[in-house]
Structure formats: C-alpha cells, structure tokens
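Each remark here refers to the structure printed beneath this line.
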Amino acid sequence: METQMLEELEVTIRKGLHIIKFNRPSKKNSFTAQMYDGLARLLNEAAVDDRIVITALTGAGDFYSSGNDLTNATKFIADGDIIESTKESCNRIRNFVSALIDYPKILVAVVNGPAYGIAVTTLGLCDVVYASDKAYFQTPFTKLGLVAEGCSSYTFPRIMGISKASEMIFFGHQMGANDAKECGLVSQVFPHTTFEQQVWSKLEQFVQMPKQSMMCSKHLIRAQISEELHKANEAECKELGERMHSEECITAVFQILNRRSKM
Amino acid sequence: METQMLEELEVTIRKGLHIIKFNRPSKKNSFTAQMYDGLARLLNEAAVDDRIVITALTGAGDFYSSGNDLTNATKFIADGDIIESTKESCNRIRNFVSALIDYPKILVAVVNGPAYGIAVTTLGLCDVVYASDKAYFQTPFTKLGLVAEGCSSYTFPRIMGISKASEMIFFGHQMGANDAKECGLVSQVFPHTTFEQQVWSKLEQFVQMPKQSMMCSKHLIRAQISEELHKANEAECKELGERMHSEECITAVFQILNRRSKM
Amino acid sequence: METQMLEELEVTIRKGLHIIKFNRPSKKNSFTAQMYDGLARLLNEAAVDDRIVITALTGAGDFYSSGNDLTNATKFIADGDIIESTKESCNRIRNFVSALIDYPKILVAVVNGPAYGIAVTTLGLCDVVYASDKAYFQTPFTKLGLVAEGCSSYTFPRIMGISKASEMIFFGHQMGANDAKECGLVSQVFPHTTFEQQVWSKLEQFVQMPKQSMMCSKHLIRAQISEELHKANEAECKELGERMHSEECITAVFQILNRRSKM
C-alpha cells in the first residue's frame with residue numbers, strides 16, 4: 001500500500017484499487033484551483049498506470065464535496081482582469097471534466113456525505129456511484145447566477161429523465177440518497193455506519209476480476225458518447241465563462257459572501 | 001396580475017409566472033383545433049416576452065386534459081376531402097409540438113388530474129412535471145388506430161426506458177402518478193388537497209431566481225436534442241396523417257362514437 | 001393453434017400471438033449454436049408472416065435462460081483453429097442480435113425465471129419485458145473474461161442510467177425483479193403463481209388491437225436508433241471475438257469447468 005498527499009488530495013494505491021480522497025474537511029472538501037489541476041493530473045497519470053484497475057473518488061470527514069470553492073469566484077470579481085481570470089478558471093474546469101470523460105479505467109464515486117455543484121454533476125461521468133444514506137445532492141447553479149457544468153446538461157436528462165434533471169439543474173432541487181437511487185444517479189445506498197466497510201470490501205473484490213474485460217466493456221460504452229460529452233463540456237464551459245462575469249452571478253456571489261461575513 | 005381568456009385557454013401573468021390553463025372542463029379540457037392554434041401562438045409570444053420566466057400548463061376542474069378532442073377526428077371522416085382535412089389537422093399538431101420544442105423559457109406542467117394522449121406525450125417536452133396523486137397517464141394510440149405523437153417516440157424511451165415506453169405507446173397502459181414518478185415522467189407527486197398550494201408557492205419562489213441562468217441551462221440541454229426532436233415530430237406527423245384515414249382508425253372512431261351515442 | 005419444435009425451441013402461434021419458448025430446461029435453457037441460428041431464422045420468418053402481431057419469448061421450467069451455453073466456449077478452446085471457431089461463434093451472435101434489432105413486430109419478453117448473460121442483454125432489444133417475482137438478472141461478462149454484448153453497451157445506460165448499467169456490465173451485479181422494475185429494465189413484476197395466467201391473458205387481448213398502429217409506432221421508435229444499435233452490435237462482436245481467445249477468458253472458462261467437474 002502506498003499513500004501520498006498532493007494539494008489536499010490523499011492518494012492511496014492498494015492492489016489495483018486507487019483511492020483519491022478530497023482531503024479538505026474544514027472547507028467541506030470544496031475544490032480549489034490546485035485541487036482541480038491535481039485531480040486532472042492524477043487521472044491522466046492513472047490512465048496509463050498498469051497497476052490501477054479501479055479508481056475511487058471519496059471525501060474526508062462528513063462531506064463528499066461541496067463543489068467549487070466560492071472563493072475561486074470572488075477572486076475573479078476582485079481581480080483587475082476579470083475576463084482573463086474567468087477564462088483561466090473555465091479552462092481548469094474543462095480540463096478536469098475532460099480527464100473524467102477520457103478516463104479508461106473503472107471510476108467509482110464513493111459518496112460518503114452531501115455533495116454540491118460540480119461534485120454532483122461529475123457523478124454522471126463516473127461509472128458506478130455508491131452512496132451513504134447521509135448523502136444528498138444539490139446543484140445550485142441558478143441561485144449563483146451560473147449554469148449547468150460537468151456535462152450535466154448531457155448526462156442528467158439521460159440518467160434521470162428531463163423532469164428530475166430540470167428540477168435539479170434549473171431549480172436547485174436537493175435530492176436525497178434514496179431518490180438518487182430511484183432515479184438512477186446512484187446504484188446503491190448503504191447505511192452510513194457500515195457504508196465504508198461494505199463499499200471498500202466490494203471494491204477490493206472487484207479489482208481482482210479480469211481487468212481487460214472491464215476496460216473493454218467501458219470502452220464500448222464510452223466510445224459511443226465520448227464525442228458528445230466533449231461537445232457538452234465545451235458548450236457548458238463557454239457559457240460558464242460568460243455567466244461568471246454576468247450581473248446575476250456577481251450579485252449572487254456578493255449576497256452570499258455578505259451573509260457569511262455577518263454570521 | 002393580468003388574466004385573459006383566449007379560445008378556452010385562460011392566461012395569467014403574475015410576476016414572471018405565466019399560467020396557461022386549459023379551460024374546457026365540460027369536455028375534460030380536450031383540445032379543439034382553436035386550442036392547438038392558441039397554445040402555439042401563446043408559446044411563440046411568451047418566448048419573446050421579457051416579463052415571462054416560467055410558463056406553467058395546467059387544467060381547469062378535475063382533468064389536466066383528455067388530449068385531442070375526438071370530434072376533431074370525426075370531422076375528417078364526415079368531411080368530403082378527408083386527405084385535405086387530415087393534412088390540416090396534422091399541421092396544427094406539428095406546429096403546436098414545434099412551439100414546445102423551441103420554447104426557450106422554463107416550461108412546467110402542473111398536472112392537476114388525469115391526462116390522455118397528446119396531453120401526456122407533450123409532458124416529455126416540458127422541463128419539469130409536477131402531479132397531483134389523482135393524476136394518471138394514458139396514451140391510447142393503438143386503440144384509436146393512431147400512432148405515437150408529441151415526440152413521444154423520442155422522449156418516452158429516453159425518460160422511462162423502452163419497456164415502459166412501449167407498454168404505454170403500443171398497449172395503452174394506464175400509468176398511475178407514483179409509477180410516473182418512479183419512471184421519471186414526473187418529478188414529484190403531491191396529495192391532491194394541497195397540490196395547487198404547494199406547487200404555485202414553489203413556482204412563485206422559482207421565478208425570482210436569476211432568469212438568464214435558467215434559460216442558459218435550458219438552452220444547453222435543448223440545443224443537444226432540438227434537431228432530433230424536430231425530426232421525430234416530422235416523422236410522427238407524417239405517419240399520423242396516413243393513419244388518420246386508415247381503415248383501422250376510421251373503424252375505431254366509429255365504434256367509440258357509436259358506444260357514446262348509446263349511452 | 002399450431003405448435004412445432006425446432007432445435008429445442010417450441011413455437012406456438014395462436015390468433016396473432018407467436019410464442020417462442022426456450023425448451024432446454026435440463027440445461028437452464030442455455031443457448032446452443034443451433035438455438036441461436038433457430039431464433040434468428042424464426043424472427044426473420046415471423047417478420048414477414050402476416051398472421052403474427054406479437055412475438056413472446058419465454059423459457060420452459062424454472063429458468064428464462066442462463067444465456068450462452070458455456071460448452072460453446074470450451075469448443076473454441078478445444079478446437080484446433082480457435083480464431084476460426086470464435087469468428088463463427090461471433091457471427092452467430094451478431095446475426096441473432098441483428099434479427100432482434102430489425103424485428104418489426106411487437107416483441108415481448110415473458111421472463112418466467114432467472115436470466116443470465118445474453119438472455120438479459122437482449123431484453124433491452126425487446127419492446128416490453130414482463131417478469132415473475134422469481135426472476136433475477138445477471139451479466140457475468142467480466143468473470144468470464146468477456147465483454148458487453150446484445151447491444152447492452154448501448155441499451156443498458158439508456159434504460160437504467162450509467163451507474164446501474166456499469167454495476168451490471170462491469171461488476172456482474174445480480175439485479176432482483178423489483179429493482180429491474182424500478183430501473184426500467186422491466187415494466188411489471190407479477191407474483192410467480194399467477195404470472196403466466198396474467199401475462200398470457202394480457203397478450204391475448206393486445207393481439208386483438210389494431211396491428212398496423214402498433215407496428216407504425218414501433219417503426220417510429222426503432223428507426224431513430226436502428227443504425228446506432230447495429231453499430232453497437234458490430235463493435236461488441238468484434239471485441240467479443242478478441243476477448244474469446246484472450247488469456248483472461250481461457251483461464252476463467254477452465255476454472256469454471258474445473259469446478260463443475262469436481263462437483
């Protein structure tokens with residue numbers, strides 16, 4: 001077993017099982033710029049690392065991840081060159097999402113607690129999603145003046161049907177773990193107390209199965225939609241760039257930070 | 001608040017929320033030729049009306065809508081020029097469905113009671129569908145000698161999987177509100193007694209959220225499938241035109257009207 | 001009523017209802033080479049037989065079907081010309097799947113008991129799937145060193161969402177009848193004791209409905225995805241051919257046969 005820390009990501013490899021843990025529990029594992037870049041790099045490296053059969057994404061502490069760190073957004077607003085800095089931020093997200101689309105190994109989300117924003121949308125790019133019964137899912141794009149990302153404009157309607165996808169993406173509906181299972185976003189929900197034990201024991205078994213077979217099946221599935229996923233990622237990131245310096249977004253972010261500073 | 005009546009459609013606009021109520025309760029809100037044209041015109045006008053953020057479709061009385069008014073069909077049969085009149089009817093349906101496909105604002109179906117035929121199929125073109133627990137859903141195309149319309153040949157298999165879609169489209173299976181939620185046709189089911197109150201209060205909140213964000217997210221989703229939806233609409237309406245003057249359809253319609261006249 | 005036996009397939013036609021029963025209960029109705037060819041031929045003939053409105057697939061005895069007969073695989077391994085014999089086997093599967101894709105009549109799976117492998121994947125190519133509550137579903141491709149077939153790389157993610165599809169295809173997850181209904185693979189689950197009676201009585205009613213209407217609706221649905229289904233079938237069979245003489249597959253098959261011979 002081998003564990004290393006990289007930019008608030010804890011990485012473990014044991015017998016074919018590769019675990020990337022979002023390790024920023026004091027900030028609900030929200031993603032910093034460094035974490036996006038780190039995740040993209042880790043996936044690109046694991047893609048060509050023959051030891052790795054299954055990669056699991058999970059969070060340290062109570063949250064899976066609260067998504068994009070809002071202070072990323074305030075930086076653009078504070079920054080002199082807002083156009084340039086939103087562009088940089090969109091590139092970062094695009095690269096991370098792109099690495100997920102192209103990832104050839106089996107990718108499992110081990111959702112140990114609540115997930116927000118891009119930590120929810122990217123579940124649609126994972127192969128299998130297991131969740132604790134304490135998990136719930138929310139994508140508050142509209143409230144923040146933003147738009148669908150992480151290919152959710154493509155994956156969500158296809159996974160859960162247009163009605164539930166729209167309710168989440170447009171209205172920021174918070175979905176519980178059991179509803180997420182019912183609609184197909186999640187495969188299985190486990191009691192929180194035994195969640196980790198049950199899931200890791202499953203995955204330790206699965207990594208021992210014929211790995212070429214798993215990767216070939218994944219390639220058959222992914223090859224059919226890969227081009228459309230990259231197109232969706234491009235379209236979303238382009239729109240996200242526009243939205244980030246829109247009045248709606250700037251107003252929304254200021255209101256939230258104002259409320260926080262008063263607490 | 002502003003309310004007007006147009007061809008048995010009651011239209012209300014209050015603070016960004018645009019409500020189109022099918023208002024023909026004595027005929028279970030079935031759609032007349034005038035209602036199809038009225039709906040298409042209202043949607044095309046609302047598309048460019050800056051006041052409107054969310055449009056809600058709902059029904060007056062016990063039914064959401066029983067779909068196409070069967071007397072539309074008897075007119076073709078009675079009419080001397082059946083080819084011409086079925087063509088006209090198909091154009092009418094095509095234009096209504098086309099307006100739904102292209103509608104850029106958020107479209108919510110507030111399904112207050114049972115829905116049949118095109119009032120069910122067009123739910124797949126709405127963004128979000130909320131239903132009373134008294135609602136149920138049926139598309140009796142086969143019994144009438146007709147075929148799938150409202151883009152259901154495209155949307156139903158994608159929303160609910162091919163098996164449930166086929167059961168509805170081919171066999172006219174009547175689906176209850178809870179099954180409709182389970183399979184993704186509906187997002188949420190509410191007790192009938194509090195349905196209206198709960199849904200309108202939700203929508204009144206949602207219209208206050210950043211509207212550009214919602215419309216941009218909708219555009220991202222719709223742009224990916226818009227071309228395919230229009231193709232499905234064309235193919236369905238072409239086939240519908242053929243079916244309308246088929247022996248199967250004429251026999252079926254006469255049987256139903258005969259049964260009604262004996263009641 | 002007319003019943004004939006063909007290569008362990010029992011074929012009945014009664015009033016528009018065409019029943020193909022996998023009739024090899026001593027081997028859990030697993031498919032031999034002759035059965036694949038027989039099924040493809042029966043479907044191609046029924047496609048142009050005007051008497052037939054609905055075709056039902058079902059199994060004799062306790063199982064629906066345990067899928068591909070493993071002794072098919074051992075033949076390739078034993079055979080001198082492994083390349084040639086795997087090619088032959090893949091052609092056989094491709095032709096059977098291709099006949100399912102192109103089948104123009106209504107195709108209903110009457111799943112009387114457990115189903116494995118290609119007997120599960122091809123459910124996604126049926127129109128409607130009814131299941132006994134004793135049925136369950138498993139696709140152990142990975143364990144056998146094989147890959148997704150029967151267009152499951154296309155149909156499964158679209159029916160049940162990527163997470164449940166991946167769990168079945170990559171990890172061989174066994175899905176119960178009720179879960180299969182929840183995720184849309186199955187339309188309705190019936191108590192085993194009344195299953196046959198309820199389903200056949202339904203289908204006997206459905207064959208009396210306007211058949212042109214049903215076939216036109218099916219054509220509208222199928223025409224949109226037919227090309228993609230054939231592409232998926234080609235890609236899967238090509239990969240399957242490679243996998244069949246891979247070390248992973250040969251090792252897996254030997255292990256299983258070894259275990260069986262020790263029992």
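Quick note: the coordinates plus some simple rules give every number you see, no bench work behind them. Note that the structure is a prediction, hence the values are computed from the model and not measured. All Cβ positions, even for glycine, are placed from backbone atoms using ideal geometry, and neighbour counts span all protein chains on display.
Taking K and R as +1 and D and E as -1, what net charge do the other residues with C-beta under 14 Å from the C-beta of B:Leu6 add up to?
-3
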Here the net charge surrounding A:Asn233, from other residues whose Cβ is less than 9 Å away from its Cβ (Lys, Arg +1; Asp, Glu -1), is -1
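As a footprinting exposure proxy, order B:Lys211, C:Lys218 by other Cβ within 10 Å, with the fewest listed first.
Result, fewest neighbours first: B:Lys211, C:Lys218.
Shape of region B:56-141 from its Cα gyration tensor (a ≥ b ≥ c, root eigenvalues): rounded if a/c is under 1.5, otherwise prolate when a/b > b/c, or oblate? Walk me through the numbers before you get to the answer.
On the way: a/c = 3.03, a/b = 1.57, b/c = 1.93.
Oblate, since a/c reaches 1.5 and b/c is not below a/b.
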Quick note, the protein assembly as shown: a/c under 1.5 would make it rounded; otherwise a/b > b/c is prolate and the rest oblate (a ≥ b ≥ c, C-alpha gyration tensor); here it is oblate
Shielding of B:178-187 by other chains, given as the mean Cβ count within 10 Å, works out to 6
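Could you tell me what percent of the DSSP beta bridges with both partners in the protein assembly as shown are antiparallel, to the nearest 5? Write out the running numbers ahead of the final one.
Working: 39 of 105 bridges.
Bridges in the protein assembly as shown that DSSP calls antiparallel: roughly 35 percent.
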Simple spin-label estimate for C:Gln208/B:Gln197, 7 Å along Cα→Cβ, in nm, reads 4.7
In degrees, nearest 10, the alpha-carbon axis of helix B:226-244 is tilted away from the dominant principal axis of the alpha carbons of chain B by 30
Restricting to Cα pairs under 8 Å and 6 or more apart, the percent relative contact order of region C:2-261 works out to 19
Karplus-derived 3J(HN,Hα) from phi for region B:112-123 (6.51 cos²θ - 1.76 cosθ + 1.60, θ = phi - 60°), whole Hz, x at Gly and Pro, runs 7, x, x, 9, 10, x, 5, 6, 8, 4, 6, 4
Net charge (Lys, Arg +1; Asp, Glu -1) of residues whose beta-carbon lies under 15 Å from that of B:Arg51, B:Arg51 excluded, is -1
FRET efficiency (C:Asn178, C:Ile82; Cβ distance; R0 45 Å; to 0.05) is 0.60
at A:Asn91 the sorted inter-copy label distances (label 7 Å from Cα on Cβ side), in nanometres, are 5.4, 5.4
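How do the peptides A:233-246, A:176-189 rank, highest first, by the average count of neighbouring beta carbon atoms within 10 Å per residue?
On the way: A:233-246: 19.5, A:176-189: 22.4.
Top of the packing list down: A:176-189, A:233-246.
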By the mean-Cβ-within-10 Å protection proxy, highest first, C:250-256, B:144-150 rank as B:144-150, C:250-256
homo-copy label distances at A:Lys262 (7 angstrom along Cα-Cβ), nm, one dp, ascending, are 7.2, 7.2
DSSP beta bridges in region B:2-261: the antiparallel percent, rounded to 5, is 35
Phi angles of region C:156-170, converted by Karplus (6.51 cos²θ - 1.76 cosθ + 1.60, θ = phi - 60°) into ³J(HN,Hα) in whole Hz with x for Gly and Pro, give 4, x, 6, 7, 10, x, 5, 5, 5, 4, 5, 4, 6, 6, 7
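Calculate the mean, over all residues of peptide A:148-161, of how many other protein chain Cβ atoms lie within 10 angstrom of the residue's Cβ. Don't skip to the answer; put the middle values down first.
Values: counts 7, 2, 0, 0, 3, 9, 4, 3, 2, 9, 8, 9, 4, 15.
Going residue by residue through A:148-161 and averaging, the value is 5.
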Taking the label point 7 Å from Cα along the Cα-Cβ vector, the copy-to-copy distances for A:Arg51, listed from shortest in nm with one decimal, are 6.6, 6.6
For peptide C:115-127, the mean count of other chain Cβ atoms within 10 Å per residue Cβ is 1
Distance in nm between C:Lys27 and A:Thr12 label points, each 7 Å along Cα→Cβ, equals 4.6
In degrees rounded to 10, the 0-90 angle between helix A:82-102 Cα long axis and the longest Cα principal axis of chain A is 20
Helix A:192-206 sits off the longest principal axis of the Cα atoms of chain A, rounded to the nearest 10 on a 0 to 90 degree scale, by 50
With 0.36 nm assigned to each residue of separation and the Cα-Cα distance removed, C:Ser261 to C:Ala223 gains 9.0 nm
The alpha-carbon center of region B:171-237 and that of region B:22-76 are separated, in whole Å, by 16
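Going highest first, how would you order A:46-59, C:96-109, C:127-140, B:190-203 by mean Cβ packing within 10 Å? Intermediate values should be presented prior to the final figure.
Numbers: A:46-59: 18.4, C:96-109: 21.6, C:127-140: 24.6, B:190-203: 15.4.
Final packing ranking: C:127-140, C:96-109, A:46-59, B:190-203.
DSSP beta bridges in region C:98-235, what fraction antiparallel, as a percent rounded to 5? Each step should come with its number before you reach the end.
On the way: 2 of 11 bridges.
Percentage antiparallel, nearest 5: 20.
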